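Here the structure comes first, spelled out in structure tokens, and everything after it is commentary.
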Amino acid sequence: MTRSSEVPGFYRRSIAERREFVRAWADLSESELRAYEFPPGLDAAAVDRMIENVIGVMPLPLGVATNFRINGRDYLVPMAIEEPSVVAAASNSAKVARAAGGFATQSSPPVMIGQVQILGVADPAAARLRILDRREALLAAANANDPVLVKFGGGAKDLEVRQVPSARGPMLVVHLLVDARDAGGMNAVNTMCEALAPDLAKLAGGRVGLRIISNLAVHRLARAHATFPAELLKTETASGPEVVEAILDAYAFAAADPFRCATHNKGIMNGVSSVVVATGNDFRAIESGAHAFAAWQAAADGAVLRPLTTYEKDRAGNLVGSIELPVAVGLIGGATAVHPTAKTNVKLLGVKSASELGEVLAAVGLAQNFGALRALATEGIQRGHMQLHARNLATSAGATPDEVDRVVARLVAERQVRFDRAKAIVDELRRGPG
């Protein structure tokens, strides 16, 4: 029988009915279907309201990074990620930084950018001035749409007007700068842009295009720096100063080559995004904003891409790392407010404001990046991954909990951390001697 993915009214069906449909569609076994069951403590009704056509959840491992000391305060940091060694690297890096006082962080006010695109403007330079002349009235009109945000010190704070050339002709783009306080800002900013768009178009003498928030949150930045003592970086084959120089060489590679830089910044986001996911924030917005920020900053210098981190050597020979990135995260609204695991993770982390959460993200991103560079510059990344990856392979190959350690030991000893070898070892263990 021909199957059709056209399913009228699928969204109106219950979760159980949707599961039954996909079970029949994919010929799922009972054990396969159980993978869609909700874990204890997660309200199915709440999840069903978060997105459309819910059939289950996709759990990620949730770990806790230790040793973090940020601005003189200790944190346990929840991290949701499937990649091995990330939590361990963050924890180990935080321990090294802790010896020199930990991470010092700061952030700018939580200002988001809302964009209004205006097309068909005959006199864009004069139109820009007409809009800026009405700045105060426009800001007041924007703030009338969210008096609660204004009450708490947020709201629309300023306007910027840009002339943007494009393949479709010149555009006038108005930026509405909104202090979102402890929210991510999506709803407030979009609502304000929608409300102002007709007045802006009239002032400009053009027609309205898009009205939408920007994820390139260049006004909502978090920064962190830390000292990693050289004496704590020595290995069996290299002194502390030699490791410092090797890390500086690795950083110089990322700063010079966009192909390396992309992976350098991805390592930073291993740490950042795992905390963003754990706290129920929009990791896609954070990822796109961070990578766009790296390119935007590079363009100012005529480059293609730049690292989000910087590494230097102080007068004592210690390694000093710093980071700056946009952090459009919130503590109110969205999944953070309704997902029980996210709410518990926020309580575990103990942050009291969105700005504090952003500063934690910066510290974790710096820690993660330092850990990756340290491994790459000394033993190579695979050695750090090897044992944890071997455990995953052993489990995937069907090893029981009693067999896993023996399979891992042989994989690592043989330096053949591959699925086919793990499967062969499992079979050998079960056949026994002879």
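No value in this document is a laboratory result; all are computed from the given coordinates. It should be emphasised that the depicted structure is a prediction, and the values quoted were computed from it without experimental measurement. Cβ atoms come from the backbone with ideal geometry, glycine included; neighbour counts cover every protein chain shown.
Data table
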{"item": "Label of the coordinate-derived value, P(r) over Cα pairs in 20 Å bins from 0, in percent, listed as (i) 21, 46, 29, 4, 0; (ii) 25, 58, 16, 0; (iii) 22, 44, 22, 11, 1", "result": "(i)"}
{"item": "Order of 261, 193 - criterion: other Cβ atoms within 10 Å of each residue's Cβ, fewest first", "result": "261, 193"}
{"item": "Among 57-69, 222-234, the order from most to least packed when residues are scored by Cβ within 10 Å on average", "result": "222-234, 57-69"}
{"item": "The chain: most fluctuating residue of 347, 95, 151 per GNM, C-alpha cutoff 10 Å", "result": "151"}
{"item": "Neighbour-count order for 202, 313, fewest beta carbons within 10 angstrom listed first", "result": "202, 313"}
{"item": "Region 163-181 versus region 296-365: alpha-carbon centroid distance in Å", "result": "26"}
{"item": "Acute angle (nearest 10 degrees) that the helix 15-26 long axis makes with the longest principal axis of the chain, alpha-carbon atoms", "result": "60"}
{"item": "Pairs beyond 21 Å (Cα-Cα), from 266/347; 234/313; 95/313; 95/234", "result": "266/347"}
{"item": "The chain: relative contact order in percent, alpha carbon pairs under 8 Å with at least 6 residues between", "result": "17"}
{"item": "In order through region 188-201: 3J(HN,Hα) via Karplus (6.51 cos²θ - 1.76 cosθ + 1.60), integer Hz, x for Gly, Pro", "result": "5, 5, 4, 4, 5, 5, 4, 5, 7, 3, x, 5, 5, 5"}
{"item": "Separation between Cα centres of region 50-72 and region 202-276, rounded to whole Å", "result": "21"}
{"item": "Among 240, 289, 321, residue whose mean-square fluctuation peaks in a GNM of the chain (springs only between Cα atoms under 10 Å)", "result": "240"}
